[in-house]
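To start, I am sharing the structure in question, which I have written as structure tokens.
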Amino acid sequence: MSPREGERQRRILYAAAFLRALAIGLMAVLIALYAARIGMTAAQIGVILSSALWGAALATVITLWIGPRISERALLVGLCIVPAVGCALFLASDRFALLAAAAFVAMFNVNGRDRGAIPIVEQAIFPATASDAGRTKVFAWYNVLLDAGYATGGLLAALPALLAATFALGTAASMRAALCLFCVLYVATAILYSRMPARSAGAAVGLKQLSPASRPIVAKIGALFLLDAFGGGFVGSALLAYFFAERFDVPAAQLAVLFTVGRVLSAFSHLAAAWLARRIGLVNTMIYTHVPSSLLLFTIVASGDFTIAAFLFLVREGLNEMDVPTRQSYVMAVVKPEERLAAAGATSLARCVGWAAAPMLAGVLMQWGGLGVPLVVAGVTKLAYDVFLWREFRRVKPPEELASA
């Protein structure tokens, strides 16, 4: 791929990522609040959130299976149309079983960040658009735009209050009207993807074709990502929004502002992560920033005042995502170019399974053990992930670090 072609690819992917993130940020803040407003219990909300994540996991499996057989453009367009249809079905019913089924189809990213099948394809494309030295920076800007979208989308979660005041709508009706924007944004993203050049199938390999050197790396890091995601599933945006609303009686509009500021902090942290990784390495950056963000979960639980809890939440948001561009860059660097789709898919699937398994349990723990219990479980799980990641991968270096050594 020529530098000019690489730049064009990045621009399309960046723009599409931003639009998609707007929809995700909006849905992540409102979905649990909307479900509660139409009569769902905490346990039922947990099932709905888990259903959405299991749908994302299935989409990841399908992407791994058909990814080497069809063009990237067709795959990305299809992965945008399906959530738009699922969201329309979700908004058309107030019955628990139908809501769970529609959430499964829509593959909502209820953790507030895009962890579904689409990033698998994008992550496999990005390394070919840049050099080894520039790869982490490309992923950093990708995540900056995602977080900017999440932040703006979180701010859009204040729309129901505006609609209710302007058009005298009920709370549920105003939320439903605001969530229609999710469908519109995903359709717009599909249109953007349709402008990508069609690539012939066959360049990528499946999981079974991974080389002997790559197979144990993908297996180990996939297992660790599952552990981390399981912990993260207890503290996704939807559950955190529900935690703040129930613990401190905070309205949706105020939560929208809080989560928007958090996304802005996360966006700046990606660029800081790329700078730090050039100096101490990708794995060290992942671990040294992730440990304090995990410890902060315990302090949020211990806080009895919303102002203090919100401040600690924002500090955590400034650290929690610094491992994302470094993690993406690292996985794409330690496998062969033709193995990138399979590696991204396998590690993403592991994360999807972890995220999907947690919210259902989190809902039960909140209902029977207390609102703060899921945050404690998340902190312990994530700290265990950090320890195991350091032990297994501190000596496995990406090409640019081997060259500098």
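Coordinate-derived values only; no laboratory data. Keep in mind that this is a model prediction, so the values were computed, not measured. Methodologically, a virtual Cβ is constructed for each residue, glycine included, from the backbone with ideal geometry; neighbour enumeration extends over all protein chains shown.
By how many degrees, between 0 and 90 and to the nearest 10, does the Cα long axis of helix 96-106 differ from the longest principal axis of the chain?
30
Looking at the chain as a GNM with Cα springs under 10 Å, which of Arg95, Arg113, Arg263 has the largest mean-square fluctuation?
Arg95
Still on this structure, please answer the following. Once you have the Cα-Cα distance between Asp305 and Phe388, take 0.36 nm times their residue separation minus that, and quote the gain in nm to one decimal.
So the chain would gain 26.5 nm between Asp305 and Phe388.
To the nearest 10 degrees, how steeply does helix 340-369 sit against the main Cα axis of the chain, on a 0 to 90 scale?
That helix lies at roughly 20 degrees to the long axis.
What is the packing order of peptides 101-108, 213-220, taking the mean over residues of other C-beta atoms within 10 Å and listing the highest first?
Those peptides, ordered most packed to least, come out 101-108, 213-220.
How much space per residue, in cubic angstrom, does the convex hull of the C-alpha atoms of region 11-143 take up?
Taking the convex hull of the Cα positions in region 11-143, it is 104 Å³ per residue.
Let me ask something else. Most mobile of Ala21, Ala92, Ala350 per a Gaussian network model of the chain (Cα springs, under 10 Å)?
Ala92
Which value in Å is the Kirkwood Rh of the chain over different Cα pairs?
Details: mean 1/r = 0.0477 Å⁻¹.
After inverting the pairwise mean of 1/r, the radius is 21.0 Å.
Next question. With a Förster radius of 30 Å, plug the Cβ-Cβ distance of Leu295 and Arg395 into 1/(1 + (r/R0)^6) and report the FRET value to the nearest 0.05. Don't jump to the answer; show the numbers that get you there.
Values: r = 26 Å, r/R0 = 0.85.
Efficiency computed from Cβ-Cβ geometry: 0.70.
Also, quick follow-up: Using 0.36 nm per residue, how much length does the chain from Ser93 to Arg278 gain when fully extended, once their Cα-Cα distance is taken away? Don't skip to the answer; put the middle values down first.
On the way: separation 185, 0.36 × 185 = 66.60 nm, distance 5.00 nm.
The span from Ser93 to Arg278 would gain 61.6 nm if fully extended.
Here's something else I'd like to know. Identify the residues of region 77-112 with backbone N under 17 Å of a label point that sits 7 angstrom from the Cα of Ala177 along the Cα-to-Cβ direction, or state none.
Answer for this model: 91-92.
A further question follows. Rounded to the nearest whole Å³, what is the per residue volume of the convex hull around the Cα atoms of region 87-217?
Here the figure is 168 Å³ per residue.
If you project the alpha carbons of region 236-299 onto their three principal axes, what span does each projection cover, largest first, in Å?
43, 22, 15
While we're looking at this one, here's another question. How are the C-alpha pair distances of region 20-89 spread across 5 Å bins, as whole percents from the shortest bin up?
3, 13, 20, 24, 17, 11, 7, 4, 1
Could you work out Rg/(2.2 N^0.38 Å) for region 55-114, with Rg from alpha carbons only?
Rounded to two decimals, the normalised Rg is 1.21.
Sorted by packing (mean other beta-carbon atoms within 10 Å per residue), highest first, where do 362-370, 152-160 land? Please report the intermediate quantities before stating the final value.
Details: 362-370: 18.4, 152-160: 24.2.
The packing order, highest mean first, is 152-160, 362-370.
What is the Cα convex hull volume of region 288-402 when expressed per residue in Å³?
That works out to 107 Å³ per residue.
Given the Cα-Cα distance of Gln367 and Ile191 and 0.36 nm per residue of separation, how much length would full extension add, in nm? Write down the numbers at each step before the final one.
Details: separation 176, 0.36 × 176 = 63.36 nm, distance 4.19 nm.
59.2 nm is the gain from fully extending Gln367 to Ile191.
Compute the semi-axes of the equivalent ellipsoid of region 215-341, taking the square root of 5 times each eigenvalue of the Cα gyration tensor, and list them largest first in whole Å.
For region 215-341, the semi-axes come out at 31, 16, 13 Å.
Can you compute the helix-only [θ] at 222 nm over the chain? Use -39500 (n - 2.57) per DSSP H run of at least 4 residues, normalise by all residues, nearest 500 deg cm²/dmol.
The helix contribution divided over the chain gives -27000 deg cm²/dmol.
Using Cα pairs closer than 8 Å and at least 6 residues apart in sequence, work out the relative contact order for region 3-396, in percent.
Relative contact order of region 3-396: 29 percent.
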